[in-house]
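Worksheet for the structure shown next.
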């Protein structure tokens, strides 16, 4: 089985952080989002990961080579950011069998161990949501199988949102459908979405079932990154038991890098502190402070602090990019 992970987008909703690093490398609960995504496949025998990079793709490649040297990884560059389907199509020459597709800002918890024995042609992972209008939705027909996938529907009548995770028995068949989609200029709201390629296959008789997920965490916006951080700290990524806090107080759950230097402070709950951070006289909760940041005499809540940023003497919510300064006269 091969796995395609598209991750070429600009991540505009996460600026200013994504001016200097790609969205999949945002630190969440002590690990870049991409690391959490790859961990989803740890129980699956993957022949090759195909990563579709673009914006600052060299950082993605460097991260994979450094942190996942044992996986088979292929990097393909999407030079024209014209949608999900063209991104997947870049892998056409390397896909000829079972295929999993997952997006780099989506973390789901589901059992993938049975994919080798899957009876259906395809599987779409879904979750019920209150407002599905910014997602794709799966519509089931006779027998419970999917007969339509609608990208960004105008109504909320069908709330079974596709979480950006698909399995197909025949990856080459999907590539054929994408070529038909792009060749016929089949777009939704000006973009080539994978849902429309899936609809081509459904119209041709592909049998697709849905599999509901218990957990679906999105890392596309600041508030959702913090929500994901909170969830992960509550479920396996709290390292407070291993933290030696001599000059400060820890309120679990937290993830504090061993190289962080902290004194006269209260950290947590739901705080992630990166490597080489210097924190003095501060209270930090429900926030992510990235590598090398310096926080002095500050109270932070629901904040994202970028790499190497400096924050001093403020009590409010921050979204501070890399190498920035706040509160220094």
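Out of all the residues in the range 160-192, which are closer than 25 Å to residue 109 by Cβ and either buried (at least 21 other Cβ atoms within 10 Å of the Cβ) or free of Cβ contacts under 8 Å to residues at least 60 places away in the same chain (or both)?
Going through the range 160-192, the residues closer than 25 Å to residue 109 by Cβ turn out to be 160-169, 171, 174.
Passing the criteria: 160, 161, 162, 163, 164, 165, 166, 167, 168, 171, 174.
Select from the range 178-221 the residues that are assigned to a strand (DSSP E or B), farther than 30 Å from residue 29 by Cα and under 21 Å from the mean Cα position of the chain (by Cα) and list them in ascending order.
Going through the range 178-221, the residues assigned to a strand (DSSP E or B) turn out to be 188, 191-192, 208-212, 215-218.
Filter again for farther than 30 Å from residue 29 by Cα, leaving 188, 191-192, 208-209.
Listed by number, the residues that qualify are 191, 192.
Okay, residues lined up against (1) assigned to a loop (DSSP other than H, G, I, E, B); (2) within 24 Å of residue 237 (Cα to Cα):
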| position | (1), (2) |
| --- | --- |
| 9 | yes, no |
| 13 | no, no |
| 49 | no, no |
| 58 | no, no |
| 75 | no, no |
| 88 | no, no |
| 97 | yes, no |
| 107 | no, yes |
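Being farther than 30 Å from residue 304 by Cα, in contact with a helix residue (DSSP H, G or I) (Cβ under 9 Å, 6 or more places away or on another chain) and surrounded by fewer than 23 Cβ atoms within 10 Å (Cβ to Cβ) is a condition met by at least one residue of the range 210-221.
Does at least one position in the range 99-120 carry a residue that is surrounded by fewer than 19 Cβ atoms within 10 Å (Cβ to Cβ) and either within 21 Å of residue 188 (Cβ to Cβ) or not assigned by TED's automatic domain parsing to the domain that holds residue 195 (or both)? So far as the range 99-120 goes, no, none of its residues is surrounded by fewer than 19 Cβ atoms within 10 Å (Cβ to Cβ) and either within 21 Å of residue 188 (Cβ to Cβ) or not assigned by TED's automatic domain parsing to the domain that holds residue 195 (or both). For the range 1-22, taking the residues that are buried (at least 22 other Cβ atoms within 10 Å of the Cβ) and at pLDDT 80 or above, the one that is farthest from residue 83 (Cα to Cα) is identified as 21.
Of everything in the range 78-93 that's surrounded by fewer than 15 Cβ atoms within 10 Å (Cβ to Cβ) and in contact (Cβ under 8 Å) with a residue 60 or more places away in the chain, which residue is farthest from residue 55 (Cα to Cα)? Full working, then the answer.
If we filter the range 78-93 for residues that are surrounded by fewer than 15 Cβ atoms within 10 Å (Cβ to Cβ), which is where we start, we get 79-82, 93.
Right, trim to in contact (Cβ under 8 Å) with a residue 60 or more places away in the chain and you get 81-82.
Numbers: 81: 9, 82: 13 Å.
Among residues in the range 78-93 that are surrounded by fewer than 15 Cβ atoms within 10 Å (Cβ to Cβ) and in contact (Cβ under 8 Å) with a residue 60 or more places away in the chain, the one farthest from residue 55 (Cα to Cα) is 82.
So, of the residues in the range 193-203 that are touching a helix residue (DSSP H, G or I) at 6+ places or on another chain (Cβ under 8 Å) and more than 14 Å from residue 137 (Cβ to Cβ), which turns out to be surrounded by the most Cβ atoms within 10 Å (Cβ to Cβ)? Here the residue is 197.
One line per residue, one yes/no per condition, for (1) closer than 28 Å to residue 47 by Cβ; (2) in a strand (DSSP E or B):
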residue	(1), (2)
70	yes, no
81	yes, no
93	yes, no
116	yes, no
126	yes, yes
138	yes, yes
153	no, no
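Being farther than 18 Å from residue 39 by Cβ, in contact (Cβ under 8 Å) with a residue 24 or more places away in the chain and under 20 Å from the mean Cα position of the chain (by Cα): is that true of residue 226 here?
Working: farther than 18 Å from residue 39 by Cβ: yes; in contact (Cβ under 8 Å) with a residue 24 or more places away in the chain: yes; under 20 Å from the mean Cα position of the chain (by Cα): yes.
Spelling it out, residue 226 is indeed farther than 18 Å from residue 39 by Cβ, in contact (Cβ under 8 Å) with a residue 24 or more places away in the chain and under 20 Å from the mean Cα position of the chain (by Cα).
Annotation note: of 174, 226, the sole residue that is part of a helix (DSSP H, G or I) and under 18 Å from residue 4 (Cα atoms) is 174.
The values are calculated or read from the model by the stated rules, or taken from the named source; none is laboratory data. Remember, predicted model here, so these are calculated numbers, not experimental data. So basically every Cβ, Gly included, is an ideal-geometry build from the backbone, and we count neighbours across all protein chains shown.
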